[in-house]
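Chemist: My questions will all concern the structure given below.
The values are calculated or read from the model by the stated rules, or taken from the named source; none is laboratory data. Note that this is a predicted model, so its numbers are computed, not measured. For neighbour counting, all protein chains shown are included, and Cβ atoms are generated from backbone atoms with ideal geometry for every residue, glycine included. Just the protein is used for accessible areas: all its heavy atoms, side chains included, with ligands, DNA and RNA removed. Shrake-Rupley method; radii C 1.70, N 1.55, O 1.52, S 1.80 Å.
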Amino acid sequence: LTLTGTSFSVTKTITASETADTIALRNGSGQLVATGFFQSSSRTLKTNINPFTKSALDIIREVSVVSFNYKTDVINKHIGFIAEDTPEELSTRNKNVMDSNNTIGVLLKAIQELEAKVKELEAKCNEK
């Protein structure tokens, strides 16, 4: 994958995990701009589909949210994570880039867990 300005060309076939590494290493900046990013998510493309049973809230508790500047952009402040310090559920296998789609999945599950806790507390309040 070769990124030049606003265009790209594929010079070799690479895997999805290699794509993340390639973009992160591009000229050290890793900036990619588009009007949208989409990830294939069809059941027909997946195998070993199982419910995620780990507590999303426990995973989120492990995350250190930090503010930082990229070395290539000391002007704009960012809020996020350090991949090497992040639970494996939110980063790639090499722990060098964040997996945004996994992060979204964990956040959605955390909302579901919180909703269940709220409903439980509401039921307790209604009993009194």
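Chemist: Order the peptides 53-59, 103-109 from the highest to the lowest mean number of other Cβ atoms within 10 Å of their residues.
Modeler: Working: 53-59: 13.6, 103-109: 16.3.
Per-residue mean Cβ counts within 10 Å order the peptides as 103-109, 53-59.
Chemist: On a full-extension model of 0.36 nm per residue, what is the gain between Thr47 and Ala83, subtracting their alpha-carbon distance, rounded to one decimal in nm? Can you show the working numbers first?
Modeler: Working: separation 36, 0.36 × 36 = 12.96 nm, distance 2.62 nm.
Extra length available between Thr47 and Ala83 comes to 10.3 nm.
Chemist: Let me ask another. Kindly provide the trypsin sites (Lys or Arg not before Pro) of the stretch 70-102 that DSSP labels as loop, not H, G, I, E or B, and whose Cβ sees at most 14 other Cβ atoms within 10 Å.
Modeler: Counting only loop positions with at most 14 other Cβ atoms within 10 Å, the trypsin sites (Lys or Arg not before Pro) in the stretch 70-102 are Lys71, Arg93.
Chemist: Remind me, what semi-axes does the stretch 35-103 give for its equivalent ellipsoid, largest first in whole Å, using sqrt of 5 times each Cα gyration tensor eigenvalue?
Modeler: Result for the stretch 35-103: semi-axes of 26, 17, 10 Å.
Chemist: Tell me the label-point distance for the pair Val118, Thr35, using the 7 Å Cα-to-Cβ offset, in nm and rounded to one decimal.
Modeler: That separation, rounded to one decimal, is 3.5 nm.
Chemist: Hey, which lysines would be in cross-link range of Lys77, C-alpha to C-alpha under 26 Å, not counting anything within fewer than 8 residues on its own chain?
Modeler: Counting by Cα, and skipping residues close in sequence, Lys77 has these lysines nearby: Lys95.
Chemist: While we're on this one: Could you report the accessible area of Glu88 in Å², rounded to 10, computed with a 1.4 Å probe on the protein chains as they sit in the structure?
Modeler: We get 140 Å² for Glu88.
Chemist: Probe 1.4 Å, all protein chains in place: accessible area of Val97 in Å², nearest 10?
Modeler: Accessible area, nearest 10 Å²: 20 Å².
Chemist: On the accessible surface of the stretch 30-99, probed at 1.4 Å, how many percent belong to carbon and sulfur atoms?
Modeler: Carbon and sulfur atoms account for 52 percent of the accessible area of the stretch 30-99.
Chemist: Sticking with this one: Using θ = phi - 60° and the Karplus form 6.51 cos²θ - 1.76 cosθ + 1.60, what ³J(HN,Hα) does each residue of the stretch 47-52 get, whole Hz, x for Gly and Pro?
Modeler: So the J values, rounded to whole Hz, are 9, 6, 7, 9, x, 8.
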